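So that we are looking at the same thing, I have put the structure below in structure tokens.
Values quoted throughout were computed directly from the atomic coordinates according to the rules given, and no laboratory measurement underlies them. Predicted model, so just to flag it, every value in this text is computed and none were measured. We place every Cβ from the backbone using ideal geometry, glycine too, and count neighbours over all the protein chains shown.
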2 protein chains.
Amino acid sequence: MTIAPGATLGILGGGQLGRMIASAAARLGLKVHVYNDDPASPAFEVAAFSTCASFEDAAALEAFARAVNVVTYEFENVPSDAAALVSRFAPLRPGAQALATAQDRLAEKSFVAGLGIETAPFAAIDDLAGLEAAVARMGRPCVLKTRRFGYDGKGQVTIRDGSDLAQAYEAIGRAPAILEGFVPFAGEYSVVAARGADGSFAAFELCENVHRDHILALTRVPADAADSTRDEAAAIARAIADALDYVGVFAVELFLLREGDGAERLLVNEIAPRVHNSGHWTDSGAVTSQFEQHVRAVCGWPLGSCARLGAVEMVNLVGDACEKWRAILADPAARLTLYGKAQARPGRKMGHVTYLR
Amino acid sequence: MTIAPGATLGILGGGQLGRMIASAAARLGLKVHVYNDDPASPAFEVAAFSTCASFEDAAALEAFARAVNVVTYEFENVPSDAAALVSRFAPLRPGAQALATAQDRLAEKSFVAGLGIETAPFAAIDDLAGLEAAVARMGRPCVLKTRRFGYDGKGQVTIRDGSDLAQAYEAIGRAPAILEGFVPFAGEYSVVAARGADGSFAAFELCENVHRDHILALTRVPADAADSTRDEAAAIARAIADALDYVGVFAVELFLLREGDGAERLLVNEIAPRVHNSGHWTDSGAVTSQFEQHVRAVCGWPLGSCARLGAVEMVNLVGDACEKWRAILADPAARLTLYGKAQARPGRKMGHVTYLR
């Protein structure tokens with residue numbers, strides 16, 4: 001079925017990513033229907049229609065899916081039952097396979113490794129004995145992560161010399177887990193890209209990320225990387241998207257390693273099957289924003305140009321950093337975006353600023 | 001009272017201008033409450049709160065004004081009683097004086113002329129005898145316009161050789177009118193500018209407009225004009241804004257005349273006390289869009305940079321021109337904005353495309 005302007009885009013999830021997708025969709029003449037379980041969802045405020053209900057409410061999910069022309073999501077932890085239910089009544093883009101792969105760190109790593117793309121060393125952990133064996137094999141430091149429902153450093157613990165393994169396993173709730181070897185990376189990078197419903201592909205330029213307390217602090221484009229590394233990042237993204245028959249925008253988080261001779265190597269850290277914080281720079285810094293690109297892709301429309309407009313730096317406003325809004329507005333080089341969240345809590349992403357030079 | 005992100009901006013009127021102001025406000029973390037009398041208002045779809053009620057409904061207007069922190073409007077024909085009522089409960093920006101001046105073509109022209117700024121020749125028309133005398137004095141062609149409630153060529157009739165004056169007066173409903181002398185202009189131009197609550201001022205660059213059937217067809221920046229003409233346009237805008245103690249974005253429509261020696265002269269045609277179609281290019285083509293600039297101004301926030309990002313052409317999609325949306329999306333140089341209107345009628349503005357080079 002062809003989706004044209006005037007149609008309704010459904011979004012599962014109501015955070016800032018949903019809010020920015022909704023605004024981009026409205027700009028293209030779409031109506032937006034946001035589904036989320038939190039009445040204080042930032043995306044509700046910019047959507048034509050809202051449903052506030054649990055992701056386990058089958059009747060609400062069905063009514064939502066019947067009321068829209070296509071459904072997408074803004075967070076990868078959409079319960080698989082909810083995704084399956086919705087997809088019976090409207091196309092779900094990206095599809096269930098992308099969601100299932102990204103929801104499970106072990107499945108994700110195995111999938112990427114299966115494509116012949118390098119990742120950090122990893123091992124499945126199902127019990128304490130398995131953890132002890134894997135740590136002995138992999139060496140310290142290494143990182144123990146729950147297989148499911150982790151983001152922004154949640155559900156993970158670093159195992160260093162002297163760390164007690166039983167304690168570490170306790171700390172992640174003895175959940176099914178993955179142990180990842182420590183990678184001596186030179187930097188954290190990401191590539192945000194889109195695959196269209198027709199298999200077309202377009203990648204934004206490789207960007208460089210700085211994290212603080214496991215939360216993205218800033219993104220810089222152009223990244224400090226060789227041209228061949230940029231090309232490789234786009235090729236990695238394309239291989240992943242093609243293998244998942246992916247439709248929409250996604251991000252691949254990468255580690256960049258520099259060998260003694262300066263040669264660069266990319267390792268995949270994580271796939272995010274959605275628009276991504278490290279792509280926020282595109283909203284002021286690229287011809288097409290990642291949000292518009294996502295809307296184009298999930299509606300089956302032509303992908304837009306990923307051309308960059310200049311050197312860009314995107315700075316996240318985390319916690320009370322948003323209190324500087326007036327000074328930011330007074331800076332002619334800054335473009336401010338605030339997410340409309342009522343309460344600034346430590347670690348909470350409240351907005352971002354893009355500097356275009 | 002200081003207005004901070006998280007506050008609620010009220011907008012009177014719900015068309016595409018309101019829609020784009022609302023989206024810009026949401027991007028800055030504001031909540032938006034749109035008041036309009038048409039249930040099919042494009043702006044309702046991107047606003048946190050909506051009131052659909054008549055502009056004569058005092059109770060609804062009061063409830064709206066009490067629910068917001070500041071009120072602005074997206075069309076200059078807001079009834080003066082409604083504006084007065086609202087301003088008892090919340091600051092109205094721009095204020096009642098700007099509205100009153102812009103609602104009456106005679107008051108507007110007199111106001112501009114009173115500032116020593118040149119306009120086309122004009123005369124007040126209160127009856128047929130007065131029309132006959134004025135036409136005899138001014139010569140043909142000339143244009144008879146109702147003093148109030150005209151836009152996009154509505155409420156006006158051109159008087160040429162052979163035109164019957166009684167018929168022309170009939171055509172505008174024998175309403176209080178103004179007769180304007182024909183100006184042999186070389187081009188139609190406009191300047192979109194903003195004045196802050198603190199008296200600060202910032203003008204976007206002079207732009208050049210092409211109309212078809214009295215409807216803006218396209219806007220081009222940079223305009224074909226001398227540097228001194230650009231400066232003069234900004235100076236005219238500033239003089240007008242200061243005299244009105246204006247707060248917000250506004251447009252001054254100008255005629256450019258070229259003398260035999262190539263010297264350029266600007267005449268003011270009209271003032272629009274709101275964001276303006278000829279400023280749509282700023283949304284992709286300037287550091288700050290006119291919509292964000294308007295929000296900054298009416299909230300008492302610092303004005304943003306008006307710097308231009310390149311050569312820009314904005315093309316209106318009027319009537320069924322919006323049916324080409326897919327071809328426009330496929331053009332990497334084009335940025336598409338659609339207003340979410342259900343029906344494309346001849347002469348109806350459905351969206352616009354911006355080309356940035």
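Only bridges whose two residues both fall in the protein assembly as shown count here: according to DSSP, what percent of them are antiparallel, nearest 5?
Bridges in the protein assembly as shown are about 80 percent antiparallel.
Next up: When N counts the residues of region A:121-181, how does its alpha-carbon radius of gyration compare numerically with 2.2 N^0.38 Å, as a ratio?
0.96
What FRET efficiency comes out for the pair B:Ala124/B:Gln97, r = Cβ-Cβ distance, R0 = 25 Å, nearest 0.05?
Details: r = 20 Å, r/R0 = 0.80.
The calculated FRET efficiency here is 0.80.
Roughly how big is the protein assembly as shown's charge dipole about its Cα centre, with Cβ charges of +1 (Lys, Arg) and -1 (Asp, Glu), in debye to the nearest 20?
In total the dipole reaches around 440 debye.
Moving on to the next point. For peptide A:301-307, how many partner chain Cβ atoms fall within 10 Å of a residue's Cβ, on average?
Whole-number average of other-chain Cβ neighbours for A:301-307 is 4.
May I ask for log10 I(q)/I(0) of region B:137-256 at q = 0.09, 0.12, 0.16, 0.18 Å⁻¹, from a Debye sum over the Cα atoms as equal point scatterers with solvent left out?
-0.33, -0.57, -0.91, -1.04
If you count, for every residue in A:2-8, the Cβ atoms of partner chains within 10 Å of its Cβ, what is the mean? Numbers along the way, then the final one.
Values: counts 1, 0, 3, 12, 6, 0, 0.
The shielding value for this peptide is 3.
Mind pulling the per residue volume of the convex hull built on the Cα atoms of region A:271-324? Å³ is fine.
Looking at region A:271-324, the number lands at 104 Å³ per residue.
Restricting to region B:1-160, compute how many DSSP beta bridges are antiparallel as a %, nearest 5.
25
Could you order the peptides B:164-172, B:229-237 from most to least packed, using the average number of other C-beta atoms within 10 Å per residue?
B:229-237, B:164-172
While we're on this one: List the distances, in nm to one decimal, from the label point of B:Ala136 to the label points of the same position in every other copy, shortest first, placing each label point 7 Å from Cα along the Cα-to-Cβ direction.
For B:Ala136, the inter-copy label distances come out at 11.5 nm.
Right, another one. Please compare each pair in A:Lys154/A:Lys349; A:Lys349/B:Lys31; A:Lys154/A:Lys324; A:Lys341/B:Lys341; A:Lys31/B:Lys31; B:Lys145/B:Lys341 to a cut-off of 22 Å on the Cα-Cα distance and tell me which ones are over it.
Correct reply: A:Lys154/A:Lys324; A:Lys341/B:Lys341; B:Lys145/B:Lys341.
Next question, about the same structure. Using a simple spin-label model with points 7 Å from Cα along the Cα→Cβ vector, what separation in nm is obtained for A:Asp227 and B:Cys52?
Simple spin-label model gives 5.7 nm for this pair.
Along each of its three principal axes, how wide is the spread of alpha-carbon positions in region B:66-212, in whole angstrom units, largest first?
54, 34, 30
Please report, in debye to the nearest 20, how large the charge dipole of chain B is about its Cα centre when each Lys and Arg carries +1 at its beta carbon and each Asp and Glu carries -1 there. Intermediate results must be reported in sequence, preceding the final value.
Working: 34 positive and 42 negative charges, 171 e Å.
That gives a dipole near 820 debye.
If you wrap a convex hull around the Cα atoms of region B:187-356, how much volume per residue is inside, in Å³?
So the per-residue Cα hull volume is 118 Å³.
Expressed in nm to one decimal, what extension gain is obtained for the pair B:Asp38 and B:Ser200 from 0.36 nm per residue of sequence separation less their Cα-Cα distance?
Extra length available between B:Asp38 and B:Ser200 comes to 54.8 nm.
Counting other C-beta atoms within 10 Å, and keeping those with at most 16, which DSSP coil trypsin sites (Lys or Arg not before Pro) do you find in region B:236-282?
The qualifying sites: there are none.
If you take the Cα atoms of chain B, find Rg, then find the Kirkwood Rh from the mean of 1/r over all pairs, what is Rg/Rh?
0.96
I would also like to ask the following. Taking 0.36 nm per intervening residue step and subtracting the Cα-Cα distance, what contour gain separates A:Arg160 from A:Ser80 on full extension? Walk me through the numbers before you get to the answer.
Numbers: separation 80, 0.36 × 80 = 28.80 nm, distance 3.44 nm.
Taking 0.36 nm per residue and subtracting the Cα distance, the gain is 25.4 nm.
Applying a 10 Å radius around every beta-carbon, put A:241-247, B:19-25 in order of their mean neighbour count, most first. Present the calculation step by step, with values, prior to reporting the outcome.
On the way: A:241-247: 20.3, B:19-25: 28.4.
In decreasing order of mean packing, A:241-247, B:19-25 become B:19-25, A:241-247.
When the dipole is taken about the Cα centre of region B:8-92, and only Lys, Arg (+1) and Asp, Glu (-1) are charged at their Cβ, what size is it in debye, to the nearest 20?
Around 440 debye, computed over region B:8-92.
Based on the Cβ-Cβ distance of A:Phe149 and B:Ala7, what FRET efficiency does E = 1/(1 + (r/R0)^6) give at R0 = 60 Å, to the nearest 0.05? Provide the component values of the computation, followed by the final result.
Numbers: r = 35 Å, r/R0 = 0.58.
Working from the Cβ atoms, E equals 0.95.
So, one more: Are there GluC sites (Glu not before Pro) in region B:234-325 that DSSP marks as loop and that have at most 11 other Cβ atoms within 10 Å, and which are they? Before the final figure, lay out the partial values.
Details: sites: B:Glu253, B:Glu259, B:Glu264, B:Glu270, B:Glu292, B:Glu313, B:Glu323; in loops: B:Glu259.
Listed in order of number, the matching sites are B:Glu259.
Now for a different question. On average, how much area does the Cα convex hull of the protein assembly as shown cover when viewed from any direction, in nm²?
Average projection, Cα convex hull of the protein assembly as shown: 34.0 nm².
Based on the Cβ-Cβ distance from B:Ser110 to B:Lys324, what FRET efficiency comes out when R0 is 51 Å, to the nearest 0.05?
Numbers: r = 43 Å, r/R0 = 0.85.
FRET efficiency, B:Ser110 to B:Lys324: 0.75.
On to the next question. When each copy gets a label point 7 Å from Cα toward the beta-carbon at A:Phe49, what are the spacings between them in nm, shortest first?
Values, ascending and in nm: 2.4.
How many nanometers, to one decimal and shortest first, lie between the label point of B:Asp331 and those of its other copies, if labels sit 7 Å from Cα toward Cβ?
For B:Asp331, the other copies' label points sit at 3.6 nm, shortest first.
By DSSP, what percent of the beta bridges with both residues in chain A are antiparallel, rounded to the nearest 5?
Percentage antiparallel, nearest 5: 80.
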